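Peer 1: This is the structure I want to talk about, given as structure tokens.
The values are calculated or read from the model by the stated rules, or taken from the named source; none is laboratory data. Given the structure is predicted, the values throughout are model-derived calculations rather than measurements. A quick note on method: Cβ atoms are made from the backbone with ideal geometry, for glycine too, and the neighbour counts reach across all protein chains shown. Side chains are part of the model used for accessible areas, which takes the heavy atoms of the whole protein and leaves out ligands, DNA and RNA. Shrake-Rupley method; radii C 1.70, N 1.55, O 1.52, S 1.80 Å.
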Amino acid sequence: MLYSVRMRAAQGDAHEKGGKHISGAERLVSQEQLPSVATAMLRRALFHSRGTADFINLTVETVLTENVQAVPCLPIATVAVPSVTAGRESAQAELIRAGVAPAAVAAAIEALAGLKSSLRGAMLVDAQTGVRLDDNGEKGIRVSRMDIADEQAYLCWLNRQGHSNIHIQEAVVLASKVMAAPGVVAELCWSDDPEYVTGYVSTPMLYTRFTKLKPYGSPIGGRIFFIKEGTDLEQLADYLQYQPVLISVPAEEASVDAIFD
Ligand code: PML
């Protein structure tokens, strides 16, 4: 048995009553890990760079181990760019290489850049036309019920590549789950953390980070999932929100850690 632990925090009021989104987090953990993971989430909601939350929703639900799907972790690449403009141009090129139509890429970047407030979940966008497919407004579709299968092996794997921050730790897990969904061509994301300007494009083959995708100080971020024509949207939304998934790093990486730890 595992536990899905989900936190969303807002300021002013609950999200659904117009409160400002402060923080969100997702884990899938054992009973032993549950108290410390729940406490860490509460701390994160209370001491966040976006402000202090006065509404915190913490949900804990059991998940049967036999219902958990195993998904491989995406490899990571980083592209250093000198400016937000250069970052967005490179991200655009990567999305087009992945099969997203140039017009859809342009529409998506404009939609993300034009948001008045952060998206809590993701927008689903047609990869050919750029038309938004979900009707969830600012809520979007929140990807839920995922975690890393072996946290130690994952952290070592990231560390060896020079990555140690919580943003990348969580984003790679989320992107790996999303890219395992049938019909998802690519994802574009940048953070709502005003101090964090690195964003990424993920494809079923690769998670590519661009060191500047939004201006420093901007508290507005979000995600767009580009969807292939003919994809069953109900099934996709169901997978993204409800299918429990554990992500694993490549076997030799995990075993190398086991030998040297
Ligand atoms: C977020 O934390 O809200 C999104 C993360 C974006 C990029 C993470 C990275 O690869 O550094």
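Peer 1: Assign one of three labels to the range 1-140, namely rounded, prolate or oblate, based on the Cα gyration tensor with a ≥ b ≥ c the square roots of its eigenvalues; rounded applies when a/c is under 1.5, prolate when it is not and a/b is larger than b/c, and oblate otherwise.
Peer 2: On the way: a/c = 1.92, a/b = 1.47, b/c = 1.30.
Prolate.
Peer 1: Continuing with this model, one more query. Lys pairs in the chain, Cα-Cα under 29 Å, at least 8 apart or on separate chains: how many?
Peer 2: 22
Peer 1: Now, a different point. Give me the compactness ratio for the chain, meaning the Cα radius of gyration over 2.2 N^0.38 Å. Mind showing how you got there, number by number?
Peer 2: On the way: Rg = 17.6 Å, N = 261, 2.2 N^0.38 = 18.2 Å.
For the chain, the normalised Cα radius of gyration is 0.97.
Peer 1: If the convex hull of the alpha-carbon atoms of the range 2-67 is projected onto planes in all directions, what is the mean projected area in square nanometres? Numbers along the way, then the final one.
Peer 2: Values: hull surface 17.9 nm².
Seen from a random direction, the Cα hull of the range 2-67 projects 4.5 nm² on average.
Peer 1: Let me have the relative contact order for the chain, percent, based on Cα pairs under 8 Å that are six or more residues apart. Intermediate values should be presented prior to the final figure.
Peer 2: Values: 554 pairs, mean separation 62.7, N = 261.
Relative contact order of the chain: 24 percent.
Peer 1: Relative to the Cα centre, what is the charge dipole magnitude of the range 99-202, using +1 at the beta carbon of each Lys and Arg, -1 at the beta carbon of each Asp and Glu, and rounding to the nearest 20 debye? Working shown, then result.
Peer 2: Numbers: 8 positive and 13 negative charges, 25 e Å.
Once rounded to the nearest 20, the dipole reads 120 debye.
Peer 1: I'd like to compare 45-55, 129-139, 61-71: which one has the highest average count of other Cβ atoms within 10 Å, and what's the full order after that?
Peer 2: Numbers: 45-55: 16.3, 129-139: 14.6, 61-71: 12.2.
My ranking of the peptides, most packed first, is 45-55, 129-139, 61-71.
Peer 1: Could you give the dipole magnitude of the chain about its Cα centre, charging the beta-carbon of Lys and Arg +1 and that of Asp and Glu -1, in debye to the nearest 20?
Peer 2: Values: 23 positive and 30 negative charges, 160 e Å.
Dipole of the chain, to the nearest 20 debye: 760 debye.
Peer 1: Convex hull volume of the Cα atoms in the range 116-245, per residue, in Å³? Kindly include the intermediate steps, with their values, before the conclusion.
Peer 2: Numbers: hull volume 14.0 nm³, N = 130.
Roughly 107 Å³ of hull volume per residue.
Peer 1: Please compute the modelled spin-label separation between GLU138 and VAL63, points set 7 Å along Cα→Cβ, answer in nm with one decimal.
Peer 2: Once both label points are built, they end up 2.8 nm from each other.
Peer 1: Another one. How much of ARG27 can a 1.4 Å solvent probe reach, expressed as accessible area in Å² and rounded to 10?
Peer 2: 50
Peer 1: Pop out the ³J(HN,Hα) list for the range 183-194 in order, Karplus 6.51 cos²θ - 1.76 cosθ + 1.60 with θ = phi - 60°, rounded to Hz; leave Gly and Pro as x.
Peer 2: Listing the rounded values in order: x, 8, 8, 6, 10, 10, 8, 9, 7, 8, 6, x Hz.
Peer 1: Assign one of three labels to the range 69-164, namely rounded, prolate or oblate, based on the Cα gyration tensor with a ≥ b ≥ c the square roots of its eigenvalues; rounded applies when a/c is under 1.5, prolate when it is not and a/b is larger than b/c, and oblate otherwise. Write down the numbers at each step before the final one.
Peer 2: Details: a/c = 1.96, a/b = 1.36, b/c = 1.45.
It is oblate, given that a/c is not under 1.5 and a/b is not larger than b/c.
Peer 1: May I ask you to list the residues of the range 157-192 whose amide nitrogen lies under 16 Å from a point 7 Å from Cα along the Cα→beta-carbon direction of ALA80?
Peer 2: Counting only backbone N, you get 161-163.
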